Amino acid sequence: MESISGAYDPKKTESETYKKWEESGYFNPDNLPENKGENYIAYMPLPNVTGTLHMGHALNNTFQDILIRFHRMRGRKTLWFPGTDHAGIATQFVVEKQLKKEGTNRFALGREKFVEKVWEWKNQYGNIIYDQLKKLGISCDWSRVRFTMDDAYAKDVQNAFVHYYEKGLLYRGYRTVNWCPRCATSLSDLELEYKEEEAKLYYIQYGPFTLATTRPETKFGDTGLAVNPRDSRYKDYVGKELDIESLSTEGSLDTPQKKKNKIIVVADDAVDVEFGTGIIKVTPAHDLVDFEIGSRHHLPLVQVIDEEGKMTEHAGKYEGMKTADARKKIVEDLKTVGLLKKEEPYTHNVAVCYRCGHVIEPIPSKQWFLKMETLAKTALEAVKSGTVKIHPENFEKPYTAWLENIKDWTISRQIWWGHQLPVYFCKNTQEVISNSQFPISNKEKGKYIISLEKPKKCPFCKQCEMEQAPDVLDTWFSSALWPFAGLSESDQKKYYPGTTLITARDILNLWVARMIFSGIEFRGEVPFKDVLIHGTILTKDGKRMSKSLGTGIDPLKYIDMYGADATRFGIVWQASGQDIRWDETAIVAGKKFLNKLWNASRFVLTQAEKDDGQSLRAPNAKTDADTKILEAFSKIKTSVEKDIAQFEFSKALRDLYEFFWHEFCDVYLETSKKQLGEETTKENTAHILLFILRESLKLFHPFVPFVTEEIYGRCPFKDKKEFLMVESIL
RNA sequence: GGGCGAUUAGCUCAGUUGGUUAGAGCGUCACAUUGACAUUGUGAAGGCCAGAGGUUCGAGUCCUCUAUCGCCCACCA
């Protein structure tokens, strides 16, 4: 190698090398030589279009790239699907923030203009992460990059919706959902975060009882009282309708007054005997647990809070007040009429929106639901039977626990950015609502049909221009189809199902479980065989890395400082399974090692300047040192392959490192200097050096692809391939 | 509240079915200075393996409890 100074400089080669790889077409399995063994297919965990590279991506993609490169070099056709997720709420949130800066908002723009804006934003910033991933050296197939809102992809999403509908798995209904008044959308349980809040526990007189509540403003939505069936204190009241005195919603705000109300007492296990007074008010419209209790006991739903977090007409004179204000006023009034027994400070967790942090307001809302019972069973069975293996096995527990206790999936979202439902309403006819006896404030829509295309003529009134449902689908509904949606027919035939999915644990259920049942439902078999859950990279003091907390670390900084190989090395070196507290010194170790690899290669190449095929065959040993190094090599090759098959990347790298540095460089290279000086061993020693170098480059390549490719390019190997990337290991 | 996991050298971590003097990287100290590499070499210091109890001929490794920390799920009105 012509380098005069000893040091390896990644800056000089990495981007150039990546360009050559990309241009070679070998990231695309269609261009790979003949197929030995099964295809190897992986799916990139969809980064959000709003995302920029963080340590989690770096870890995940490095692992995935190791496997892809490893299998490619073993003659398998490898395909790694890249893409990004439109990330409904997250993206809408970012663009709304931008609009706010510009002094406007989405409502002023209108839906169509707003969605256009989001597309503009996506086209401008949505691909940044691709360039960042390229810097890391990952070898996914960019010719197959997809976005979850591409036309072809969207079509498959709509098809899935129609499919579920026709199968009878979709239904529409009122349900008390987690509602974010700020984002004006419902949120799934998984999209909530909890925040500790100092509140008050109010003890209110309710007929013969005193009960504790943190939310007195919901009292006008109370349609029952509940006690635990085993609570002897209230046994005699269960099933009775009581006529109790309570705060009236009539009259003027200045004069609080009492009024008699009828309310039923039910017995339900959800009630904790120990807490408060052991009796609760049931507000099915504004509490998720109460909703469940209410549906078990057929209690009506009375909505007293609307979508904007304000009191409805059912709150009488309190109508229009924000819930926080209403609470204050109602507490005051309860005090005035003598119904408030006492209040005490109370700390509890309140649900907040994971995007904007606004407090969640449970309200009843008309939503689309996907029945989960049978779908969940298929996903459960896939793992229980071992068709899909989760590594490490521990993660089967949260997976099965979630599926076994699954609730129907609320798939509609009231935002503008996403896949709009393929549902069309008639403007002139009224839909008959089966549960319309409930006083709900949602505006009703007309009759609807479900169709992939907008109908030319309304089948109901025969004259109106049908209106598409404003709701969009939950982002996860579309990402659940990722292993096949938007793929050409031939790709679906050739490249489904895949092999591995590598991801972080937090989306095991949100995403992985849903991909599994979607794959079974739409393609007839599971989308992948192995799911690898890797650890999370934490800050050095064990905190979660987060942009908002400012604790994030940018992998690009390290790539810039030390090069992509050293960064990959440092990540793999540390990421041995559990969560890791990030330590930059591992990258330093990587950097040093790359230099070692570089210089050892230079030495070998000065000793063996031409290759008549020596690098292709395992040579014979003539000395003890020869025997030792050849045995050590054979051992390391076997163990590395075993480790990678078991996803033990860190161990594989550490063992390789130990072999190359301490056994090959420290010992054999030093001995070789003597052996090269003696006629009897000279030639054979050079032969061994060349052989070990070539084989070591192959073994190291999946971990540190750039430097190994660069060295390989400078070697005089016989039967050299165009790239080390497509060298074969048998 | 339920579950999972962690606690080993100054720091970050290995330690695969229990078996002789517990390992690595980084850091520290001493010596070596141009021979592939000073992003180096040779060597050294540094650990009651969180604590207590138990099983065993033998425990960092298995069991129980305690303490501290982290994460996931559920959520209490």
- Task: Can you find, among A:680, A:646, A:656, the residue farthest towards the positive end of the dipole of chain A? Put +1 on the C-beta of Lys and Arg, -1 on that of Asp and Glu.
- Result: A:646
- Filter the GluC sites (Glu not before Pro) in the range A:315-413 to those in DSSP coil with at most 16 other Cβ atoms within 10 Å of their Cβ, and list the result. A:319
- Message: Run the numbers for residue A:242 and residue A:393: contour at 0.36 nm per residue of separation, minus the present Cα-Cα distance, in nm.
- Response: 49.0 nm
- Give the residue from A:567, A:375, A:424 lying farthest towards the positive end of the charge dipole for chain A; charges sit on Cβ (+1 for Lys and Arg, -1 for Asp and Glu) and the dipole is referred to the Cα centre. A:424
- Item | Helix-only mean residue ellipticity at 222 nm for chain A, each DSSP H run of n ≥ 4 adding -39500 (n - 2.57), per residue, nearest 500 | -11500 deg cm²/dmol
- Message: Out of the total accessible area of the range A:306-345 (probe 1.4 Å, heavy atoms of protein only), what percent is carbon and sulfur?
- Response: 45 percent
- Item | Sparse-neighbourhood loop sites, GluC sites (Glu not before Pro) in the range A:14-117 - DSSP loop, at most 16 other Cβ within 10 angstrom | A:34, A:38, A:102
- Query: Counting other Cβ atoms within 10 Å of each Cβ, which trypsin sites (Lys or Arg not before Pro) in the range A:190-298 have at most 15 and sit in a DSSP loop?
  - Reply: A:230, A:240
- Query: Sorted by average packing, counted as other Cβ atoms within 10 angstrom per residue and highest first, what order do A:123-135, A:582-594 take?
  - Reply: A:582-594, A:123-135
- Query: What are the semi-axes of the equivalent ellipsoid for chain A, taken as the square roots of 5 times the Cα gyration tensor eigenvalues, largest first, in whole Å?
  - Reply: 62, 28, 22
- Quick one: of A:167/A:427; A:113/A:557; A:100/A:135; A:235/A:377; A:529/A:651; A:113/A:407, which pairs are farther than 29 Å apart, Cα to Cα? A:113/A:557; A:100/A:135; A:235/A:377; A:113/A:407
- Item | Lysine pairs in the range A:237-336 with Cα atoms under 14 Å, if 8 or more residues apart or on separate chains | 9
- To the nearest 20 debye, the range A:34-115 has a Cα-centred charge dipole, built from +1 on Lys and Arg Cβ and -1 on Asp and Glu Cβ, of 80 debye
- Note on the structure: With the 8 Å Cα cutoff and a minimum separation of six or more residues, chain A has a relative contact order in percent of 16 percent
- Using +1 on the beta carbon of Lys and Arg, -1 on that of Asp and Glu, and nothing else charged, what's the dipole of chain A about the Cα centre, debye to 20? 760 debye
- Gyration tensor verdict on the range A:632-730 (Cα atoms; rounded if a/c is under 1.5, prolate if a/b is larger than b/c, oblate otherwise): oblate
- Query: Averaged per residue, what accessible area in Å² does chain A show with a 1.4 Å probe, protein chains only?
  - Reply: 44 Å²
- Listed residue (A:137, A:256, A:163) projecting farthest to the positive dipole end of the range A:109-261, Cβ model: A:163
- Message: Can you compute the charge dipole magnitude of the range A:281-402 about its Cα centre, using +1 on each Lys and Arg Cβ and -1 on each Asp and Glu Cβ, nothing else charged? Give it in debye, rounded to the nearest 20.
- Response: 160 debye
- Separation between Cα centres of the range A:491-569 and the range A:301-333, rounded to whole Å: 44 Å
- Message: Can you tell me what percent of all Cα-Cα pairs in the range A:584-690 are more than 19 Å apart?
- Response: 49 percent
- Share of accessible surface on carbon and sulfur in the range A:553-695, whole %, 1.4 Å probe and ligands ignored, is 48 percent
- Given all pairs of distinct Cα atoms, the range A:111-188 yields a Kirkwood Rh in Å of 16.5 Å
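The values are calculated or read from the model by the stated rules, or taken from the named source; none is laboratory data. Predicted model only: the values in this text are computed from it and were never measured. Reconstructed Cβ throughout: ideal geometry from the backbone, glycine too, with neighbour counts over all protein chains shown. Side chains are part of the model used for accessible areas, which takes the heavy atoms of the whole protein and leaves out ligands, DNA and RNA. Shrake-Rupley method; radii C 1.70, N 1.55, O 1.52, S 1.80 Å.
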